[in-house]
1. Here is a check on your reading of the model: is residue A:169 touching a Ser or Thr at 6+ places or on another chain (Cβ under 7 Å), aliphatic (A, V, I, L, M) and away from chain B (no Cβ under 14 Å)?
2. Is there a residue being without any contact (Cβ under 8 Å) to a residue 40 or more places away in the chain and surrounded by 15 or more Cβ atoms within 10 Å (Cβ to Cβ) anywhere in the stretch A:58-65?
3. Considering only residues that are among the small types (Gly, Ala, Ser) and more than 29 Å from residue B:107 (Cβ to Cβ), look in the stretch C:85-136 and name the one that is modelled with the highest pLDDT.
4. I'd like to check which strands (runs of 3 or more DSSP E) are fully inside the stretch D:1-94 and have at least 3 residues that are hydrophobic (A, V, I, L, M, F, W, C).
5. On the basis of being within 12 Å of the chain's Cα centre (by Cα) and part of a loop (DSSP other than H, G, I, E, B), does residue C:241 make the cut?
6. Given D:185, D:123, D:150, D:196, which one is of a type in the set (Ser, Thr, Tyr) and in contact with a Gly (Cβ under 6 Å, 6 or more places away or on another chain)?
7. Could you list, in sequence order, all residues of the stretch D:247-280 that are part of a helix (DSSP H, G or I) and either modelled with pLDDT of 90 or more or open to solvent by 60 Å² or more (accessible area, probe 1.4 Å) (or both)?
8. List pairs: first residue in the stretch B:248-265 and farther than 17 Å from residue B:23 by Cβ, second residue polar (S, T, N, Q) and surrounded by fewer than 12 Cβ atoms within 10 Å (Cβ to Cβ) anywhere in the structure, Cβ distance under 7 angstrom, at least six positions apart or on different chains.
Protein chains: 4
Amino acid sequence: MKFKISSILSYQIKSDTTFFFNIQAAHTKTQKVLEEQLLTSAANVIPESFDRPAHNARILRVRVADPGYFEISYTATVEVNLRPVKFSNAVLESINDIDNEAAAYLFPSRYCQADRMYKFAESEFKNKNTTFEKVAAICNWIHKKVHYVSGSTNANTSALETLTQREGVCRDFAHLGIVLCRALSIPARYFATYASRLYPPDFHACFEAYIDGKWMLFDPTRLVPLNGLVKIAHGYDAADTSFANIYGDAASIGVEVMCAPLDEKAFDRQIPKMGLVSYA
Amino acid sequence: MKFKISSILSYQIKSDTTFFFNIQAAHTKTQKVLEEQLLTSAANVIPESFDRPAHNARILRVRVADPGYFEISYTATVEVNLRPVKFSNAVLESINDIDNEAAAYLFPSRYCQADRMYKFAESEFKNKNTTFEKVAAICNWIHKKVHYVSGSTNANTSALETLTQREGVCRDFAHLGIVLCRALSIPARYFATYASRLYPPDFHACFEAYIDGKWMLFDPTRLVPLNGLVKIAHGYDAADTSFANIYGDAASIGVEVMCAPLDEKAFDRQIPKMGLVSYA
Amino acid sequence: MKFKISSILSYQIKSDTTFFFNIQAAHTKTQKVLEEQLLTSAANVIPESFDRPAHNARILRVRVADPGYFEISYTATVEVNLRPVKFSNAVLESINDIDNEAAAYLFPSRYCQADRMYKFAESEFKNKNTTFEKVAAICNWIHKKVHYVSGSTNANTSALETLTQREGVCRDFAHLGIVLCRALSIPARYFATYASRLYPPDFHACFEAYIDGKWMLFDPTRLVPLNGLVKIAHGYDAADTSFANIYGDAASIGVEVMCAPLDEKAFDRQIPKMGLVSYA
Amino acid sequence: MKFKISSILSYQIKSDTTFFFNIQAAHTKTQKVLEEQLLTSAANVIPESFDRPAHNARILRVRVADPGYFEISYTATVEVNLRPVKFSNAVLESINDIDNEAAAYLFPSRYCQADRMYKFAESEFKNKNTTFEKVAAICNWIHKKVHYVSGSTNANTSALETLTQREGVCRDFAHLGIVLCRALSIPARYFATYASRLYPPDFHACFEAYIDGKWMLFDPTRLVPLNGLVKIAHGYDAADTSFANIYGDAASIGVEVMCAPLDEKAFDRQIPKMGLVSYA
């Protein structure tokens, strides 16, 4: 399945500012970037590209020294090849079966303070046996208990607050999913993505849980079809995976995001057939 | 029903210290102090007594200038006359029916940050109609979800933390009950008390909710019979109702508390007959 | 000195809502309400008035059952008679000299968690000897370290956050002053007020510290002359002293506040002559 | 300079538990492990070793299925070759000069919420020009303002709390150094280490700041000579760098740590000669 994606970010630069943009489609086993284009509004600004391979992230460092308007736009055509995922629901996994790299996603992080939620997670989800059942129960719980309210949270909001305030946006839903998994000793990571059929269009966030040796994708917002995503990167949480980190003095003016399957009809036929998905 | 109560508090004084003790039995409509005695280990230390009538509190201010061992002991015989409480479960109360004084117990306080829990309280208890049903559901929820673990919390712990950490002592259970009531616009206040049949013996804390014009007593710990209490004071939360506030440098060495019905057999016969109680 | 004050609060009522307004000028020893008028936009809405004498507060409970536009306006002419305050700077006060009622303002409260700041307050202000020097140093510290930024905080923001985030509005400045006083065992309380010469005009907040047996007024924002205030009420913090508590579903549309000396020239002559002031 | 190090960790296993130990000396450019030995108290327990190269960490995964006493001990002889560090104090660095890998240490993390401290850091250290001067000022500030108090904090304590509570242990001092650096756009990371001349002996924590292209070591506790360390690992903060992560049910019984230069006299001669050090 091929997707057309684009994003246009615009800023008012007040003084010398350096951006780290995390907006390019990832190169992964399931995802192939067929073509892509990057443009900025300033002829003399040359983005420096570097990778964070451990996060599948392709970072753009952009320095804009001159005050004024600045815009960066990215467009790409990406082929995503998801295959049906099968895993034994009966398997009772152990912390010993978690591989080295995945184990790092058990740690508490800025927005996912798992060390504060052991009791809560344990008591709320104790009657679930398998890892998959636990993660599914977590997603159900979040979907039922937390309200999606645009603008209800900000860049300081962490899962600890969302747990009691019970409202947030995709980022907060993902953080809450991650923190509850980790509190149950299930590795979980943040998944930053383009998403088809998201209204209003925007960057989206889901999370991946490590089940039976595979990173499976979950979206407690249930706002989009899980097979319509184009992955940007994964990470510990929004702290290391946000689409823009800004050092300097610049105000965001606009964010325009687009993601669509090239063949909408084929996509529509595929949706009901897909069950669990993995982008890893 | 008559009760014998006593408390002995001992401290190591390091430098000039002033204590505000809140350990004396309250004088209320339902409670009469028949006799009482106060002793300190220092002949030259004379407790200064003053009342906080709005809280039924009888405060003792005690200054101990000299370093060394210091002990204060209080014993009393108190008569408590509770009457069966009847109120119409069917009444749907409104914020307009709340009297002036009770309305002050809707405000958020140090350990009961009701302003942070509106969404949680609303979504968790929305299917309850009457004020009584809501408070009963809150107590059931706390009893089911929070574990009583001695030493699991400290003087900084607030209801916000207990909600996610899911463990605490009587003080934390009371704070959580209060904050959830207030978040549902039900006035609620902290109730500091002596308690019969509490093991190990200690000061105890419950909370009162304002239902149908009366302050009703609730104890989400369910550790003691509610008709075996001797009230010390009520307040916004533990910040203004704790048994000792210490200004200076003194370390607590011991707290010994005792509360027992004078006629144990009569008390045993009474317990199963008592339903809802009010100490106001 | 006479002042003309007024406030007009307007709301969009979505469903049955009860307001507790705290906007009327207080009756105190230093302040006399010469005339006042209260109007609402709804003929059938009759405000119920009650006092919280311990806080000098004159509360208006107003129920608006019908959806739509609602407005309440208050105007008054108030005479304020401040006298020069003298107290011995040399006095080293003790917790034992604090009177009963003032001692209650040592407790931590919702937005002033003094129990979390003992070490900070002690180490930062330890080289000050008298109570007055300590409070003055606290105000200097806040004025120097915290930036006044409109809209930088919200109704959940407490002094703990302001201490690290270093920005806020008058409410946050007052909370920080209060919490640092209490952490040094100096009683302190929130002071809600009308204020002359405040731009843009709005309700204002300062704090009172208990020094040498008197409640002295301090304003770490330094935005207004301290002898141009008309007191509304005092309290533990903004939790029990805010100008409007809303139970129901209503959105604020506008707040218009005015405060001005009737004789501007006389006021201008008086300002440089006033030193410390007390409205208690 | 050669060092002898050892650590013995003992536990009471209550049920099947998996440990991730992070106690082995790192292999780095400046540090060479000459010999080492690992022992456990259970013959059938075979530690599984894996590396986190990005953190110089050598992790031991140990599963102990049987309840009872369990002990792991590690001893090693390590050669550390520090060279004098020279860097131009005059250089004003820019975010653009930070290399790819170091830039990841600008992100906020579990215990170092840099996103909450921009204003504080900026206003407190704004009069320092170079990166080195800023980091040095941060260490001076921490050393002056925060008290080292054993047992004053716990595994939940973050830099945000230490900033106001002003007491903590080496871990808290390191977190505060890290968060203030990051808030000033200086990459900083946690440094877990063995330390000579630490009384009482224990694991120790410092932090590294990225200055002029090098990771320089700083220790705001000033408890030990900086050239007497044997590095274990670096990381974002204590969340991913602690000496033991425990999944299961086990209680720590004891931690015995030793670190000493083989030639004490040579070490004593070297100390006054060493200035700034880097273990990277």
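The values are calculated or read from the model by the stated rules, or taken from the named source; none is laboratory data. These figures come from a predicted structure and were not determined experimentally. Here the Cβ positions follow ideal geometry from the backbone for every residue, glycine too, while neighbour counts run over all protein chains shown. Side chains included, ligands, DNA and RNA excluded: accessible areas come from the protein's heavy atoms. Shrake-Rupley method; radii C 1.70, N 1.55, O 1.52, S 1.80 Å.
1. yes
2. Yes, some residue in the stretch A:58-65 is without any contact (Cβ under 8 Å) to a residue 40 or more places away in the chain and surrounded by 15 or more Cβ atoms within 10 Å (Cβ to Cβ).
3. C:136
4. Hits in the stretch D:1-94: D:2-21, D:31-40, D:57-64, D:68-80.
5. Answer is yes for this residue.
6. None of the other options fit; the residue is D:196.
7. D:264, D:265, D:266, D:267, D:268, D:269, D:272, D:273
8. Note: pairs meeting the criteria are B:248/B:15; B:249/B:15.
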